[in-house]
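Novice: Quick one: this structure, given as structure tokens, is what I'll be asking you about.
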Amino acid sequence: MTYVEGTIKRYLFYSEENSYSVIKVEIADTNDPELIRYEPTIIVCGFFPKLDSHSNYKFQGEIKHHEKYGLQFNANTFERMIDQTYDGVIDYLSSDIFPGIGVKTAERIVDSIGIDCLDKIAENKKILDSVPKLNQKLKEVIFQGIVKNREMEDTLVWLYGFSISPNMAMKIYSEFGLETKQIIKENPYILMEEIDGIGFKRADEIGLKIGFSYDSDIRISAVIYYLLTEYMNKYGDTYLIKDDLIRFTLQFLNHQQIDQVEEDKVILQLNSLLEHGKIVEEEDKISLNYLYYAEKFIAKKMIDLSMTLDELDDVKTHIDAFEKINHISYTKAQRKAIHLALSNNLSIITGGPGTGKTTVIKGIIDVFKMVKNQNLEESDILLAAPTGKAAKRLSESTLLPATTIHKLLGYDFEGHFKFDEHNPISAKLLIIDEASMIDCLLMRKLIGAIKIGTIFVLVGDANQLPSVGPGDVLNDLILSDLFPVQRLNIIHRQAKDSNIISLAYDVLEKQMSEDILNNKDDRVFVHAKDTYLSTSVLKLIERLILKGYDLIEDIQVLIPMYKGLNGIDRLNDLIQETFNGESKELSITFGNKKFYDHDKVMQLVNQPDKNVMNGDQGVVVGVDNEKELLVDFSGNIVRYNRKELDQITLAYATSIHKSQGSEYKVVILPLTMAYTIMLRKKLLYTAITRAKEMLVMVGNIDAFRRGVLGKDRKRNTHLQNFLQIESLSKNDDQIKIEDFLLDNE
């Protein structure tokens, strides 16, 4: 690895958020002879704490040539190089690391203890007692400065040894400070709880490397928590039966192990997690603490919102007047939906494509303005949706501003929300679209920021797949029968002409369309055997590109499974090589991942510090010497080093779940019996309704039939039960109040 040693001349850039630094260094030594021959200085980039100007450091990494900025050095590690001369040690002691220590004081220290004073002080700070005119405060400043600086550098180097990126190492050090090594050595699994971007597998690698046995109590506890979290995220449930969790844990621990872990040991650690409040048990149902209390909070707040009845005056008359003035004729269901929304503080409107949800949203807003009959501020009426794409669609269809729920709540991409129960949103009318996508954690944040008295309207398609995250909020609210709900089920004239929409409703009714195999202007079925399915997809993409459709912007392949001959992973690789193979000269690989310039990619984890979230799609716009990748997420350029490539994936083909809230001009839907375990009605319906102009189904008609007849799995959640309990509690309280008033009349 190349190294550069030199003096920091000045800082060009430093980020307080993630410690990314760009500094100009005067080269004193390097193992690259060409570099020192032609370049007296070099720009060094990397993730490290604020270093001291005019001090010597040794950086290890790689030289790169940036098209815009010229020669740069990408540093992976750094260490302070202390000039072991009389003047060098004095310069170090009088630097910014030791506030209050000037040159004269530094000279007295070196004269009294010697040139090797730094090592001696680090070993025994009492040696400073031999320095004249040095008070106790300055002694402590000197000792702490030496120790802190050495331990920080030592800690970062130690973390690098676990294949942790410099960026991640700085994130860990910023969290735990000088105690980083001690904390991780005591419990490496704390990383999966405290550090975004580190999961169980990485924490377990560290744990096993530093000597934790596979059956240690701490590891068993971490496995239980990890498996429960994985189950919630994979299946969307908010609880797991206790016996199942124990069984899964034993299977995980004892897989390919000679010494088997006994059930009693797992139960002991399960009870420990319960005692510490990390998980919650209710009637043999085990929940993650934060999911359990999120659903409890949702239940309480939703009942509170619904029991506040500030009905607007004469809504029906205003709807009539609005229709007459604007020459609009709402259907009976649309009128009922608008009236429902403006006659209750909480209401739900649900319907499929073509049923007029957007028309209803516009109607609610327009009639609300008429009813209020006064000047409203922009913040009085707010529209939002779970994703950026869904918010953009809502804005385009209503011609009104709309934003993501995260932005609505003032999310600062450091995990903090500006608006919450202590600082609620000031809106008088709040409408949330695509509500089926909202998981219980986001819903908890959202309704926590809604003040009592706000008119709150949830709009969504209850027949779509539930949220990617845990919970089934929209369906739980509807099925509780505790809130006003209006279903829109009449398909309007324009939508009736869409073969895509008619197919979607046939799927909902579990009917096989008679003309499913007949090619339409907007819908095609192409037969293909499993062995030729991927080849057929590639040929279809080629034809669509020739027709003028763009692979990045317009075409999306949707597949329910990642693995297998025709899974997402393999199709992505094939599409990449076929249509972007010419860009492979500008590529980056790490493990089994490879990315080319101009690739379509998707973010897999929330990275608040980079302003990019799980599910965001972008395009690779730069590859630097196989060391870094630049991705454009709608104008937000994000940089990835090799160790961070597990945060993104190719996105020519994505899961149907990941496509929620999005629309694509063309959807290619491969169908094979190999997907059988995933083929369900809601999944098929959601995939079909993502297509805006053209739906291309390719594969086995029996697989399509299996999806139509497939039974959807109901998610296991607490919310409906919590809602019933909260409703009964509120009604009991109301009865007690009324009885009290009667008794005291």
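The values are calculated or read from the model by the stated rules, or taken from the named source; none is laboratory data. Just so it is clear, the model here is predicted, and its values are computed rather than measured. A quick note on method: Cβ atoms are made from the backbone with ideal geometry, for glycine too, and the neighbour counts reach across all protein chains shown. The accessibility values were calculated without ligands, DNA or RNA, using every heavy atom of the protein model including side chains. Shrake-Rupley method; radii C 1.70, N 1.55, O 1.52, S 1.80 Å.
Novice: Which condition does residue 707 not pass, out of (1) assigned to a strand (DSSP E or B); (2) over 20 Å from the mean Cα position of the chain (by Cα); (3) not polar (S, T, N, Q), if it passes all the others?
Specialist: Condition (1) is where residue 707 drops out.
Novice: Then there's this: Looking only at residues in region 307-337 that are modelled with pLDDT of 90 or more and closer than 30 Å to residue 717 by Cβ, which one is most open to solvent (accessible area, probe 1.4 Å)?
Specialist: So the residue we want is 336.
Novice: Output the residue which, of all residues in region 71-86 that are of a type in the set (Phe, Trp, Tyr) and either part of a helix (DSSP H, G or I) or at pLDDT below 85 (or both), is least open to solvent (accessible area, probe 1.4 Å). Give the derivation first.
Specialist: Of region 71-86, the ones of a type in the set (Phe, Trp, Tyr) are 73, 78, 86.
Filter once more, so that each one left must be either part of a helix (DSSP H, G or I) or at pLDDT below 85 (or both): 78, 86.
On the way: 78: 7, 86: 84 Å².
Here the residue is 78.
Novice: Among the residues in region 653-670, are any in contact with a Leu (Cβ under 7 Å, 6 or more places away or on another chain), among the charged types (D, E, K, R), open to solvent by 30 Å² or more (accessible area, probe 1.4 Å) and part of a strand (DSSP E or B)?
Specialist: Of region 653-670, the ones in contact with a Leu (Cβ under 7 Å, 6 or more places away or on another chain) are 653-654, 656-657, 659-660, 666-670.
If we keep only those that are among the charged types (D, E, K, R) too, we end up with none.
No, region 653-670 has no match at all.
Novice: On the given criteria, is residue 269 exposed (fewer than 13 other Cβ atoms within 10 Å of the Cβ) and of a type outside the set (Asp, Glu)?
Specialist: Values: exposed (fewer than 13 other Cβ atoms within 10 Å of the Cβ): no; of a type outside the set (Asp, Glu): yes.
Against the criterion (exposed (fewer than 13 other Cβ atoms within 10 Å of the Cβ) and of a type outside the set (Asp, Glu)), residue 269 does not qualify.
Novice: Quick one: in region 563-574, which of the residues that are surrounded by 20 or more Cβ atoms within 10 Å (Cβ to Cβ) and touching a helix residue (DSSP H, G or I) at 6+ places or on another chain (Cβ under 7 Å) is modelled with the highest pLDDT?
Specialist: 571
Novice: Report, by residue number, each residue of region 462-487 that is out of contact with any Lys or Arg (no Cβ under 8 Å at 6 or more places or on another chain), surrounded by fewer than 22 Cβ atoms within 10 Å (Cβ to Cβ) and part of a loop (DSSP other than H, G, I, E, B).
Specialist: 462, 469, 480, 481, 482, 483, 484 - these are the residues of region 462-487 that are out of contact with any Lys or Arg (no Cβ under 8 Å at 6 or more places or on another chain), surrounded by fewer than 22 Cβ atoms within 10 Å (Cβ to Cβ) and part of a loop (DSSP other than H, G, I, E, B).
Novice: Residue 225: out of contact with any His (no Cβ under 7 Å at 6 or more places or on another chain), aromatic (Phe, Trp, Tyr) and modelled with pLDDT of 95 or more, yes or no? Please lay out each step first, then the result.
Specialist: Numbers: out of contact with any His (no Cβ under 7 Å at 6 or more places or on another chain): yes; aromatic (Phe, Trp, Tyr): yes; modelled with pLDDT of 95 or more: yes.
So residue 225 passes the test.
Novice: List the number of the failed condition for residue 340; all other conditions in (1) farther than 23 Å from residue 683 by Cα; (2) open to solvent by 50 Å² or more (accessible area, probe 1.4 Å) hold.
Specialist: (2)
Novice: Would you mention how many residues in region 437-454 are under 16 Å from residue 346 (Cα atoms) and open to solvent by 10 Å² or more (accessible area, probe 1.4 Å)? Walk me through how you get there before you give the answer.
Specialist: To start, the set of residues in region 437-454 that are under 16 Å from residue 346 (Cα atoms) comprises 443-444, 446-454.
Next, only the ones that are open to solvent by 10 Å² or more (accessible area, probe 1.4 Å) stay: 444, 451-453.
Of the residues in that region, 4 qualify.
Novice: Working only within region 188-206, note down all residues that are open to solvent by 50 Å² or more (accessible area, probe 1.4 Å) and either part of a helix (DSSP H, G or I) or out of contact with any Pro (no Cβ under 9 Å at 6 or more places or on another chain) (or both).
Specialist: Step one: list which residues in region 188-206 are open to solvent by 50 Å² or more (accessible area, probe 1.4 Å), which gives 193-194, 196-197, 201-202, 205.
Within region 188-206, 193, 194, 197, 201, 202, 205 meet the criteria.
Novice: Take residue 621 and tell me if it is open to solvent by 20 Å² or more (accessible area, probe 1.4 Å), part of a strand (DSSP E or B) and more than 20 Å from residue 15 (Cβ to Cβ).
Specialist: Values: open to solvent by 20 Å² or more (accessible area, probe 1.4 Å): yes; part of a strand (DSSP E or B): yes; more than 20 Å from residue 15 (Cβ to Cβ): yes.
In short, yes.
Novice: Taking the residues in region 1-29 that are open to solvent by less than 50 Å² (accessible area, probe 1.4 Å) and in a loop (DSSP other than H, G, I, E, B) as candidates, determine which candidate is modelled with the lowest pLDDT.
Specialist: Once the filter is applied, the top-ranked residue is 18.
Novice: Still on this model: Which ones in region 514-562 are in a loop (DSSP other than H, G, I, E, B), among the hydrophobic types (A, V, I, L, M, F, W, C), over 16 Å from residue 674 (Cβ atoms) and open to solvent by less than 30 Å² (accessible area, probe 1.4 Å)? Explain how you work it out, then say what you get.
Specialist: Going residue by residue through region 514-562, those that are in a loop (DSSP other than H, G, I, E, B) are 514-522, 528-529, 547-554, 560-562.
When the remaining residues are screened for being among the hydrophobic types (A, V, I, L, M, F, W, C), the result is 516-517, 528, 551-552, 561.
Now narrow it down to the ones that are over 16 Å from residue 674 (Cβ atoms): 516-517, 551-552.
Once the filter is applied, which keeps residues that are in a loop (DSSP other than H, G, I, E, B), among the hydrophobic types (A, V, I, L, M, F, W, C), over 16 Å from residue 674 (Cβ atoms) and open to solvent by less than 30 Å² (accessible area, probe 1.4 Å), region 514-562 yields 516, 551.
Novice: Within region 225-270, work out how many residues are touching a strand residue (DSSP E or B) at 6+ places or on another chain (Cβ under 8 Å), among the β-branched types (Val, Ile, Thr) and in a helix (DSSP H, G or I).
Specialist: Matching residues across region 225-270 total 1.
Novice: Could I ask something else about it? Of the residues that sit in region 115-132 and are at pLDDT 90 or above and not in a helix (DSSP H, G or I), which one is surrounded by the fewest Cβ atoms within 10 Å (Cβ to Cβ)?
Specialist: Ranking the candidates gives 132 first.
Novice: Hey, among the residues in region 625-634 that are open to solvent by 30 Å² or more (accessible area, probe 1.4 Å) and modelled with pLDDT under 85, which one's farthest from the chain's Cα centre (by Cα)?
Specialist: By that ranking, first place goes to 625.
Novice: Another question, if that's okay. From (1) closer than 30 Å to residue 48 by Cβ; (2) free of Cβ contacts under 8 Å to residues at least 12 places away in the same chain; (3) open to solvent by 50 Å² or more (accessible area, probe 1.4 Å); (4) not aliphatic (A, V, I, L, M), pick out the condition that doesn't hold for residue 234.
Specialist: (1)
Novice: Moving on to the next point. If I ask for residues that are farther than 21 Å from residue 78 by Cβ, touching a residue at least 24 places away in the same chain (Cβ under 8 Å) and crowded, with 18+ Cβ neighbours inside 10 Å, which ones from region 135-151 would you list?
Specialist: Within region 135-151, 138, 142 qualify.
Novice: Right, next: Does region 492-501 contain any residue that is touching a helix residue (DSSP H, G or I) at 6+ places or on another chain (Cβ under 8 Å) and within 16 Å of residue 697 (Cβ to Cβ)?
Specialist: yes
Novice: Mind checking which residues of region 159-180 are open to solvent by 50 Å² or more (accessible area, probe 1.4 Å) and closer than 21 Å to residue 80 by Cα? Outline the logic, then answer.
Specialist: Our first condition is that a residue be open to solvent by 50 Å² or more (accessible area, probe 1.4 Å); within region 159-180, this holds for 161, 163, 171, 174-175, 178-179.
Across region 159-180, the qualifying residues are 161, 171, 174, 178, 179.
Novice: Is there a residue in region 599-616 that is at positive phi, in contact with a strand residue (DSSP E or B) (Cβ under 8 Å, 6 or more places away or on another chain) and either at pLDDT 95 or above or open to solvent by 50 Å² or more (accessible area, probe 1.4 Å) (or both)?
Specialist: Going through region 599-616, the residues at positive phi turn out to be 611, 615.
Now drop any that are not in contact with a strand residue (DSSP E or B) (Cβ under 8 Å, 6 or more places away or on another chain), which leaves 611, 615.
With the extra rule that they be either at pLDDT 95 or above or open to solvent by 50 Å² or more (accessible area, probe 1.4 Å) (or both), the set shrinks to 611.
Yes: region 599-616 contains one or more residues that are at positive phi, in contact with a strand residue (DSSP E or B) (Cβ under 8 Å, 6 or more places away or on another chain) and either at pLDDT 95 or above or open to solvent by 50 Å² or more (accessible area, probe 1.4 Å) (or both).
Novice: Just a yes or no: is a residue in region 87-106 open to solvent by 10 Å² or more (accessible area, probe 1.4 Å), on the phi > 0 side of the Ramachandran plot, at pLDDT below 80 and within 41 Å of the chain's Cα centre (by Cα)?
Specialist: No - not one qualifying residue is present in region 87-106.
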